[in-house]
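Trainee: Quick one: the structure is below, and I'll ask about it shortly.
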Amino acid sequence: MSFFSIVAKGGWLMVPIFICSLVAVAIIIERWIALRRARINAHSFFMEIKGLILKGDLAGAIERCRKTPGPVASILKAGMERYGQSKEEIREAVESSGKLEVHHLERYLGVLGTIAAVAPLLGFLGTVTGMIKAFMRIEVLGGNVNASVLAGGIWEALVTTAAGLTVGIPVLIFYNYFAGKVDRFVYEMEESSGKLLETLTKRGG
């Protein structure tokens, strides 16, 4: 029996499970590329920016951040653009930029988490509907049944469950992986913003 024949045995619930898989694959590819592009050596980059600031080349530091992808560069640029204002105003600018960057980093992760939860549930729903069909068949035939009579309902029950778990498990793994990456970015942003405030304050002083 071919793969498509097996999938067809799962009934109509295979359609939303298949759609979930397509959406999940698209999000995983998009997030993988986006987070990979945003990745830099935060410590080395900050030391480079700090060196430019201490040399008095604030414009050069801002331009360097503008040309560098990723959330760390964005929040550093936001802070340096407020140089000369109060420490609170600089902190507010950094925090505002940080919130925007976190929003970008977490884009579509909510959808991915929902798919990780919903796909197995759709599979279990298929299990229930498949068993209902099997018992309805038993009732129609008055109990005079054999294994072949029940096969259709059991097929649906098993195939949809397997499909839902096949989609849900890897999607959950990728969701947790991306969430861990986002947490790492947030840590680097907080660390870099704190060091920037300290550097700008010393320079201003």
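Trainee: What is the sum of charges, Lys and Arg at +1 and Asp and Glu at -1, for the other residues whose Cβ falls under 10 Å from the Cβ of residue 181?
Mentor: Counting the neighbours of residue 181, the net charge comes to +3.
Trainee: On to the next question. Please compute the length gained on full extension between residue 32 and residue 176, using 0.36 nm multiplied by the number of residues separating them and subtracting their Cα-Cα distance. Could the numbers behind the result be given before it?
Mentor: Numbers: separation 144, 0.36 × 144 = 51.84 nm, distance 1.26 nm.
Length gained between residue 32 and residue 176: 50.6 nm.
Trainee: Which of 117, 33, 60 sits farthest toward the positive end of the charge dipole of the chain, with +1 on the Cβ of Lys and Arg and -1 on the Cβ of Asp and Glu?
Mentor: 60
Trainee: Using +1 at the Cβ of each Lys and Arg and -1 at the Cβ of each Asp and Glu in region 48-176, identify which of 51, 130, 85 lies farthest towards the dipole's positive end.
Mentor: Going by the Cα projections, it comes out as 51.
Trainee: Let me ask you something else. Within region 9-60, list the trypsin sites (Lys or Arg not before Pro) lying in a DSSP loop whose Cβ has at most 13 other Cβ atoms in a 10 Å radius.
Mentor: Values: sites: 9, 31, 36, 37, 39, 50, 55; in loops: 9, 39, 55.
Sparse-neighbourhood loop trypsin sites (Lys or Arg not before Pro): 55.
Trainee: When only C-alpha pairs under 8 Å and at least 6 residues apart count, what is the relative contact order of the chain, in percent? Walk me through the numbers before you get to the answer.
Mentor: Working: 212 pairs, mean separation 64.2, N = 205.
For the chain, the relative contact order is 31 percent.
Trainee: Continuing with this model, one more query. Report the local net charge at residue 60: Lys and Arg +1, Asp and Glu -1, summed over other residues whose C-beta lies under 13 Å from its C-beta. Working shown, then result.
Mentor: Numbers: positive: 50, 55, 64, 66, 67, 77; negative: 48, 57, 63.
Summing Lys and Arg as +1 and Asp and Glu as -1 gives +3.
Trainee: For each of 154, 27, count neighbouring Cβ atoms within 10 Å of the residue's Cβ, then give the residues from fewest to most.
Mentor: Details: 154 16, 27 20.
Fewest-to-most Cβ neighbours within 10 Å comes out as 154, 27.
Trainee: By how many degrees, 0 to 90 and rounded to 10, does the Cα axis of helix 147-204 deviate from the longest principal axis of the chain?
Mentor: On a 0 to 90 degree scale, this one is about 10.
Trainee: Separate question: Rounded, prolate or oblate: which fits the chain, taking a ≥ b ≥ c as square roots of the Cα gyration tensor eigenvalues, rounded meaning a/c under 1.5, else prolate when a/b beats b/c?
Mentor: Working: a/c = 5.75, a/b = 4.18, b/c = 1.38.
The shape class here is prolate.
Trainee: Could I have the simple spin-label model distance between residue 89 and residue 43, label points 7 Å from Cα toward Cβ, reported in nm to one decimal?
Mentor: 3.4
Trainee: Let me ask something else. Hand me the tally of lysine pairs in the chain: alpha carbons under 20 angstrom apart, and the pair either on different chains or 8 or more positions apart.
Mentor: So the count works out to 20.
Trainee: With angles folded into 0 to 90 degrees, how steeply does helix 71-80 sit against the dominant principal axis of the chain? Use alpha carbons for both and round to 10.
Mentor: Rounded to the nearest ten degrees, it is 30.
The numbers here are math on the coordinates, done by the rules we state, and not lab data. Here the structure is a predicted model, which is why all the values come from computation and not from measurement. Neighbour counts are summed over all protein chains in view; Cβ atoms, including those assigned to glycine, are modelled from backbone coordinates with ideal geometry.
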